[in-house]
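In what follows, a single structure is set out as structure tokens and then discussed.
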Amino acid sequence: MQRHGGISRYFTKLALELTSLNQEVKIFGGLYQNHYLSDLSDELVSGKAMMKYPKKTGFIFNRVNHILTQQQILNFSPDIIHETYYSISKPRQSNCPRIVTVYDMIHELFPYSFPKNDPGSKLKRKALERADHIISISENTKKDLINLFDISPSKIDVVHLGVDLPEIVKLENPISSKPYLLYVGARNEYKNFDLLIHCCLENPSLLAEYNLVAFGGGEFRADEMRLISKLGAQSKQIIHKSGSDQELWQLFSHASAFIYPSKYEGFGLPPLEAMSLNCPVISSNTSSMPEVIVDAAEFFDPNDQSDLFRAISNVTSSKKRQDELRDLGKKRIKKLSWGNCAKKTLDIYQNLQR
């Protein structure tokens, strides 16, 4: 599993919720570096936490972990095996059903976002071929699975993810004394962060009123800095920030709006996190976003810079629209809980055993 990230959070939340439903759950982590596993009890996790692997040994540890965890799984004799990711080696066979969760089809739809020989898509296809059943986190991802891998619809069930409801911790140093718009996460090509920069370039009034804060995703790349520099003096109003979850939640809670310009998402948790912190959402209208967000955002075409500016203007110029989006967001996140996610997942487990 990852050190951080949505996939890791998914499995730890699922394990906790299934345990509360009186299910015996065990996560086999091997020698893991995962932040979320470290917070779980020994009753739930079999493995040992490591701060980090020695340099250039990641592949070796992956192999060792595969051998360790496969033997532990056989000794545990589970009723269901739910694979956490796409294994680098063929898992040892057992008589119980196997389930794989698919989060998105980014490797297939945006291959240029990955190294030329990235094995992600190949591993995914092999995992799906050996799986007895597949969970997709959105109807849109299910549709992509059917179209791209020619998988039977009857082999796939859709289970939406849940939303965490964070507690805010007050920060001593606010990020900006000026109102700001917030962007969160990686800035790969399909994430479409450049659209925001171009929108600022073409509409100087935007940065006259607001700063733009980009949280996470690493420092701005050289090509991003060159683009930002075209703003001249206003370039200082595009700020990169990284930090803890508490710092991110604080940014959400004080932002004038959260902007999600991505061209593709398997589900899209950041808009829902924004809603949970009373932040108006402005989102692209493609892939899974309309399905997941429903009516709780001001939508725009992610290929149309002028439409993004229209959406931002509609929200920032109208307190009525801001309040409406906040209310719609509160209603939407009530329907997306980790408890519901676990109950639907358990139903799938039980159906496979019949």
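The values are calculated or read from the model by the stated rules, or taken from the named source; none is laboratory data. All of these numbers come straight from a predicted model, not from anything done at the bench. Methodologically, a virtual Cβ is constructed for each residue, glycine included, from the backbone with ideal geometry; neighbour enumeration extends over all protein chains shown.
Below are the figures for this structure:
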quantity	calculated
Residues of segment 80-110 that turn out to be modelled with pLDDT of 85 or more, farther than 14 Å from THR345 by Cα and part of a loop (DSSP other than H, G, I, E, B), as a count	5
Residue within segment 282-290 that is crowded, with 23+ Cβ neighbours inside 10 Å, at pLDDT 95 or above and in a helix (DSSP H, G or I) present	yes
When residues of segment 120-168 are limited to those that are touching a Pro at 6+ places or on another chain (Cβ under 8 Å) and in contact (Cβ under 8 Å) with a residue 12 or more places away in the chain, the one nearest to HIS107 (Cα to Cα)	SER121
Positions within segment 202-237 being aliphatic (A, V, I, L, M) and surrounded by fewer than 16 Cβ atoms within 10 Å (Cβ to Cβ), in sequence order	ALA208, ALA222, MET225, ALA233
Positions within segment 279-317 being touching a Phe, Trp or Tyr at 6+ places or on another chain (Cβ under 8 Å) and of a type in the set (S, T, N, Q), in sequence order	SER283, SER284, ASN285, THR286, SER287, SER288, THR316
Qualifying residue in segment 111-118 (condition: modelled with pLDDT of 85 or more, within 18 Å of the chain's Cα centre (by Cα) and within 16 Å of SER8 (Cβ to Cβ))	no
Positions within segment 264-273 being outside any loop (DSSP other than H, G, I, E, B), within 23 Å of ASP304 (Cβ to Cβ) and in contact (Cβ under 8 Å) with a residue 60 or more places away in the chain, in sequence order	PRO270
Residue satisfying all of: in segment 7-45; small (Gly, Ala, Ser) and surrounded by fewer than 18 Cβ atoms within 10 Å (Cβ to Cβ); modelled with the lowest pLDDT among these	SER38
Among (1) aliphatic (A, V, I, L, M); (2) surrounded by fewer than 20 Cβ atoms within 10 Å (Cβ to Cβ); (3) under 17 Å from LEU212 (Cα atoms) - the single one LEU328 does not satisfy	(3)
